[in-house]
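Structure first, then comments.
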Amino acid sequence: MLVGSQHSSNKVDCLVCSYCFRFIGSIELQIGRKLYLQDLGISSSKECVLETYSQPSKQCCADDSSNEDFMTDNDDLVACTSSSQNDKIPLPKEVIQSLMNGNLVLPYSKQFSLPTVVSCPGGCGEAYYCSESCAKVDWELFHSLLCTGERSGSSCREALVKFIQHANETNDIFIPAAKAISFTILKYKKLKAAKLEGKEQCTNPNTLEDSSFSMLLEAWRPISMGYKRRWWDCIALPDDVDYSDEASFRMQIRELAFMSLQLLKESIFDKECAPLFSLEIYGHIIGMFELNNLDLVVASPVEDYFLYIDDLPYPEKEEAEKITRQILDALGDDYSVCCQGTAFFPMQSCMNHSCHPNAKAFKREEDRDGQAIIIALQSISKGDEITISYIDEDLPFEERQALLADYGFKCRCPKCTGEGD
C-alpha cells in the first residue's frame with residue numbers, strides 16, 4: 001500500500017493504527033469507546049445529518065485522562081441518532097468508563113491482545129498508531145504536513161482543520177488525495193536535501209531549477225503508476241441523476257474538487273511543488289483513487305472475541321455470558337463492524353482488466369492490517385500478462401461494458417469477444 005485512509009464515519013466504530021490499520025488498544029477499549037460515542041448520539045450511519053462535533057467533556061473519564069484523547073476524532077465524527085438505537089440496551093456509564101479505563105477486564109479478552117495505543121508525535125487527536133515505528137514512518141511520509149496538533153510545527157493548523165472538516169462533510173476521498181500530495185512534497189524535500197548535500201558548489205540558478213523539476217518528477221513517480229482520469233470525468237453517474245443533468249452533475253463535482261483544493265492550498269502549499277496544486281493534477285489524483293483504489297478492509301477482533309465466547313463449552317460459556325451478554329445487547333447488530341477505508345496499491349494499479357482474469361486482489365483471514373495480496377486463479381506461465389477484474393465479472397455482458405465505460409475503455413477480452421458476437 002502506498003496511500004491509505006480510513007473512512008471518516010468508520011472511525012466511530014474502529015480505533016486503528018493510522019498507518020497500517022491494525023486494531024489497537026484492547027477489546028475493552030474498542031467496545032467501551034464505541035458505547036461511549038453511541039451514548040452521545042455519535043453514529044457511523046450514513047443516513048444521518050452531518051454537523052461538526054466538538055470534544056466531549058473531560059469529566060466523563062476523570063479516572064484515566066490517558067484515554068480521553070482517543071475517545072473521538074473531533075472533526076471526523078458526525079452527530080446523529082442511530083436508526084437502530086432503540087434495539088440496543090444501554091450499559092451504565094460506570095461500566096463504559098471501566099471498559100475504557102481498563103478497570104473492567106472481560107473474560108478471555110487476553111487471548112485477543114492488541115497493540116498499545118501510541119499517540120501522534122504532533123499531538124493531534126486524529127492519528128493513533130500501533131507502534132512507535134508506524135508513527136515515525138507515517139510522520140515522515142505523510143502526517144507531518146497534515147497534522148493539526150500543537151506540536152506539529154504547522155503555521156496553518158486552522159486551515160488544515162477546515163480542509164479535513166470539508167472532506168468529512170462532502171467526500172472523504174479528498175483525504176487520501178491530500179496524503180498523495182503530502183507524500184510527493186516530503187519525498188521531493190528529501191531528494192533535494194540529499195542533492196544539495198552532495199553538490200554544495202552548484203550555484204547556477206538554471207541548473208538548480210532544472211534539477212528541482214527533475215526531482216519533483218522523481219518524487220511523483222510512485223503516484224504516477226496509477227491510471228488517472230479527472231474525477232469529474234470518471235465518477236459514475238448516480239442512479240438518482242438523470243442523463244439530461246449529467247453535465248450539471250459533473251460541473252458540481254468539479255466545483256467540489258476546486259473548493260477542496262483551495263482549502264488544501266491554504267494548508268500545505270509549497271511554492272517549489274506548485275504544479276501539484278493545479279486543479280488538473282488534483283482532479284487526476286482523486287480520479288486515480290476513484291478508478292484504482294482497493295477497498296481497505298480489516299476484520300474486527302471484537303467480532304472474533306464474541307464468536308470465541310459463543311464457541312466455548314458449557315459451563316465456561318454460561319459463566320462468560322453473564323458479563324458479555326449485556327455488552328453484546330448494548331452493541332446491537334453493529335458489534336462486528338470492520339475497519340473500512342480506501343487504499344492505493346501501485347502494483348495492483350498496473351494490472352489490466354479482464355472479465356476472465358487469471359488473478360485477483362485477495363484479503364486473507366489471518367491478515368490483521370491493511371495489506372492485501374494478489375493471488376493466482378489459475379496457472380500463469382512465464383511471460384503471460386497478469387490480469388484482474390475491475391468489476392463483477394459474473395454480470396451480463398451489457399452491464400459489464402457499461403461499468404467499464406467509467407474506466408474509459410471497451411473490454412475486448414476473450415470472454416467479451418465471445419459474448420458480444
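The values are calculated or read from the model by the stated rules, or taken from the named source; none is laboratory data. Bear in mind that the values here come from a model prediction, so they are computed numbers and not experimental data. Virtual Cβ from ideal backbone geometry, glycine too; neighbours counted across all protein chains shown. For the accessible areas, the whole protein counts, side chains as well, though only heavy atoms, and no ligand, DNA or RNA atoms are used. Shrake-Rupley method; radii C 1.70, N 1.55, O 1.52, S 1.80 Å.
Amide H of residue 120: which non-local residues (sequence gap of 5 or more, or other chain) have their own amide H closer than 5 Å, using H built in the peptide plane?
Amide H to amide H, under 5 Å and 5 or more residues apart or across chains, residue 120 pairs with 127.
As a test of the formula, what do you get for the chain when each DSSP H run with n ≥ 4 contributes -39,500 (n - 2.57) and the sum is divided by the residue count, at 222 nm and rounded to the nearest 500 deg cm²/dmol?
Calculated mean residue ellipticity at 222 nm is -13000 deg cm²/dmol.
Taking Cα Rg over 2.2 N^0.38 Å straight from the coordinates, which label in (i) 0.98; (ii) 1.43; (iii) 1.09 is the correct one?
(iii)
Simple spin-label model, 7 Å along Cα-to-Cβ: residue 212 to residue 297 in nm?
It works out to 4.6 nm between the two label points.
From the phi angles alone, apply the Karplus equation (6.51, -1.76, 1.60; θ = phi - 60°) to segment 287-299 and give each ³J(HN,Hα) in whole Hz, x where the residue is Gly or Pro.
With the stated coefficients, segment 287-299 comes to x, 4, 5, 5, 9, 10, 6, 10, 5, 8, 9, 10, 4 Hz.
Taking R0 as 56 Å, what's the FRET efficiency between residue 190 and residue 319 from their Cβ-Cβ distance, rounded to 0.05?
Efficiency for this residue pair is about 0.50.
Helix 174-198 against the longest principal axis of the chain: what's the angle in degrees, Cα atoms only, rounded to the nearest 10?
Compared with the principal axis, the helix lies near 60 degrees.
Over segment 270-363, what is the mean sequence separation of C-alpha contacts under 8 Å (at least six apart), divided by residue count, expressed as relative contact order in percent?
It rounds to 40 percent for segment 270-363.
Give me, ordered by chain and number, the residues 5 or more places off residue 41 or on other chains with an amide H under 5 Å from its own placed amide H.
Long-range HN contacts for residue 41: none found.
Work out from phi, with θ = phi - 60° and the Karplus expression 6.51 cos²θ - 1.76 cosθ + 1.60, the ³J(HN,Hα) of each residue of segment 258-268, listed in order in whole Hz, and give x for Gly and Pro.
Running phi through 6.51 cos²θ - 1.76 cosθ + 1.60 with θ = phi - 60° gives 4, 4, 4, 4, 4, 5, 5, 4, 5, 8, 9 Hz.
Return, for the Cα atoms of segment 352-420, the radius of gyration and Dmax in Å, separated by a comma.
Looking at segment 352-420, its Cα Rg and Dmax stand at 13.7, 42 Å.
With θ set to phi - 60° and the Karplus curve 6.51 cos²θ - 1.76 cosθ + 1.60, what are the ³J(HN,Hα) couplings of segment 18-34 in order, to the nearest whole Hz, using x for Gly and Pro?
6, 10, 9, 6, 6, 5, 10, x, 6, 4, 5, 5, 4, 6, x, 4, 5
What percentage of the solvent-accessible surface of the chain, computed with a 1.4 Å probe over protein heavy atoms, is contributed by carbon and sulfur atoms?
It is 50 percent, rounded to a whole number.
Can you give me the long-range amide H partners of residue 359? Hydrogens built in the peptide plane at 1.01 Å from N, cutoff under 5 Å, separation of 5 or more residues or another chain.
Under 5 Å from the amide H of residue 359: 377, 387.
Between segment 322-370 and segment 94-170, what is the separation of their alpha carbon centroids in Å?
21 Å
Output the 0 to 90 degree angle, nearest 10, between the alpha-carbon long axis of helix 157-169 and the longest principal axis computed from the alpha carbons of the chain.
Roughly 80 degrees, rounded to the nearest 10.
With every protein chain kept in place and ligands, DNA and RNA left out, what is the accessible area per residue of segment 352-420? Probe 1.4 Å, answer in Å².
About 64 Å² of surface per residue is accessible.
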